[in-house]
Amino acid sequence: MQNINDSINRMKNINEKLNDMFYKYSDEVAGILISMISRENFLLVGPPGTAKTTLVYTLSKLTNIKWFYRQLTKFTDLEEILGPIDIAKLLEGKVERIYANSIVESELALLDEIFNASSAILNTLLSLLNERVVYDGDKIIPVKTWAVFGSSNRVPDEEELQALFDRFPMRTFTEYVLPEDTENLLVKGWNLRRELDELRPMASMDDIKILNQMQTNFILNNTKDISKVLSPVIADYVEHIPISNRTRIKIPLYAYSLLMIQGFKPEEVTPMMLKVAAIRIAKYLIQNKDQLSEYEAFSMTHMPEELLKINDLISEAKALLSNNIVDDARIRLIDARDAINSIKAKWDKSLFSLYKYEIEEMMNNIERLEEMIENER
């Protein structure tokens, strides 16, 4: 039991460390950690220069995981993925590969611009992503790869790429930060650059495997109770955004993974916590950016009333300030601050932790509007 508690604490610390290092990257951080614990493939979609590769590289250092990286093009050949042909064996009339340092021997893989893959690479990846094997000639080769991350600046619309896209059931859609966030981005970016060389492992592959096994066993032993809690939430969600049967079945796995990276053991999870976690991870199940608004509408209908009230106060303050009604805007912001302080005093630790990043974002918005008011003087 002590090993399990230690593993949960280590992954919680990594979650906090990554959120501290990367600016406004909580969705991406949670997504890659959930995928690691769930042993799931994960897709990061976003324009170049949004730290997708750096995030995965940092995770590999914090977990001391052997990782494999390639940027794919139409000209990438199988040798770059599976390893070169062994020339010594070839001279003996045998066709064998040297798999060392290839994706076959890696524990984590990042395939950049994955939808640029050639048809040969595409066929290889389909079996690797789904079955964790590769077909190399007449050989079936098991791979050590625990999870595969793909990155791309687009969602493919080509029919021949849909099977590959479907192998990544969890996804994030990253954008450049807003112009007003540039100062904070610069500070975080340079701190990140300094810290990367000094990073030391905080967990290991053993921790990830321990947590994966624990949550899998817990779900198997409590399937009926978990299904009763989550089925209404999932049914409501698929009314907004259709998802496959296969993905619906995995939602409990993702939800418990989210809770574990926040420090909770499965047996500590209440029905309310599980519902909130399922709502949070539903964001990773959208197909494209156009569905984000659908998800936000779904999420808002399930958000605690206290948070909805704070959102309304901030929106009102912003509208009042844009119309130069400064005194009323200031009152709304004071009310919003008071409401957040009330939440901190009233909510238990588990609920507060689930909405930590939303509350932090609200505080950032309040502080930004208060600064605008000060500048009006």
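The values are calculated or read from the model by the stated rules, or taken from the named source; none is laboratory data. The model shown is predicted, which means the values in this text are computed figures rather than measured ones. Using ideal geometry, Cβ is built from the backbone for each residue, glycine included, and neighbour counts are taken over all protein chains shown. Just the protein is used for accessible areas: all its heavy atoms, side chains included, with ligands, DNA and RNA removed. Shrake-Rupley method; radii C 1.70, N 1.55, O 1.52, S 1.80 Å.
Some notes on this structure:
- Accessible carbon and sulfur surface of the chain relative to its total accessible area, %, 1.4 Å: 51 percent
- Over 25 Å between alpha carbons, listed pairs LYS52/LYS74; LYS74/LYS283; LYS144/LYS250; LYS61/LYS188; LYS12/LYS356: LYS74/LYS283
- For VAL143, the amide hydrogen comes within under 5 Å of the amide hydrogens of VAL133, VAL134, counting only partners 5 or more places away or on other chains and with H modelled in the peptide plane.
- The stretch between ASN217 and HIS302, if pulled fully straight at 0.36 nm per residue, gains 27.7 nm over its current Cα-Cα span.
- Other-chain or far-sequence residues with amide H under 5 Å of ILE243's (modelled H): none
- Fully extending the segment from GLU268 to ASN9 would add 91.8 nm, taking 0.36 nm per residue of separation and subtracting the current Cα-Cα distance.
- Cα gyration tensor, the range 155-288 - rounded (a/c under 1.5), prolate or oblate: oblate
- Label sites at ASP77 and LYS144, each approximated as a point 7 angstrom past Cα along Cα to Cβ, lie 2.6 nm apart.
- Straightening the chain between ASP166 and SER342 buys 59.0 nm, computed as 0.36 nm per residue apart minus the Cα-Cα spacing.
- Extent of the chain along its three principal axes (Cα atoms, max minus min coordinate, largest first): 85, 48, 43 Å.
- Here the Gaussian network model covers the chain, with springs between Cα atoms less than 10 Å apart; of TYR23, TYR284, TYR256, TYR23 fluctuates the most.
- The calculated FRET efficiency for GLU294 paired with ALA100, based on their beta-carbon distance and R0 = 45 Å, is about 0.50.
- Extent of the range 308-377 along its three principal axes (Cα atoms, max minus min coordinate, largest first): 40, 16, 15 Å.
- Anisotropy class of the range 268-364 from Cα gyration tensor, a/c 1.5 cut: oblate
- Restricting the calculation to Cα atoms, every distinct pair contributes to the Kirkwood radius of the range 1-116, found to be 16.3 Å.
- For the range 59-69, 3J(HN,Hα) per residue [Karplus equation, 6.51 cos²θ - 1.76 cosθ + 1.60, θ = phi - 60°, Hz, x = Gly/Pro]: 4, 5, 6, 6, 10, 6, 8, 6, 10, 10, 10
- Angle in degrees between helix 205-221 and the longest Cα principal axis of the chain, rounded to the nearest 10: 70 degrees
- Take the range 224-285 with all the other protein chains still there, run a 1.4 Å probe, and you get 42 Å² of accessible area per residue.
- Once the 1.4 Å probe is applied to the protein heavy atoms, the range 1-132 comes out at 41 Å² accessible per residue.
- For the range 330-343, 3J(HN,Hα) per residue [Karplus equation, 6.51 cos²θ - 1.76 cosθ + 1.60, θ = phi - 60°, Hz, x = Gly/Pro]: 4, 5, 4, 5, 5, 4, 5, 4, 4, 5, 5, 4, 5, 4
- In Hz, Karplus ³J(HN,Hα) per residue of the range 293-301 (6.51, -1.76, 1.60; θ = phi - 60°; x = Gly, Pro): 5, 5, 5, 4, 5, 4, 5, 5, 5
- Relative contact order (percent, whole number), the chain, Cα cutoff 8 Å, 6+ residue spacing: 21 percent
- Scanning residues 5 or more positions from GLN71 or on other chains, those with amide H under 5 Å from its amide H are ASP112, with H placed 1.01 Å from N in the peptide plane.
- Folded to 0 to 90 degrees: helix 223-240 orientation relative to the chain principal axis, Cα: 80 degrees
- Within the straight-line cut-off of under 19 Å between alpha carbons, the aspartates and glutamates reachable from LYS94 are GLU79, ASP86, ASP136, ASP138, sequence neighbours fewer than 8 places apart in one chain being disregarded.
- If you take the Cα centroid of the range 244-286 and the Cα centroid of the range 187-220, the two points sit 18 Å apart.
- Over the range 1-46, equivalent-ellipsoid semi-axes from the Cα gyration tensor in Å: 22, 15, 5
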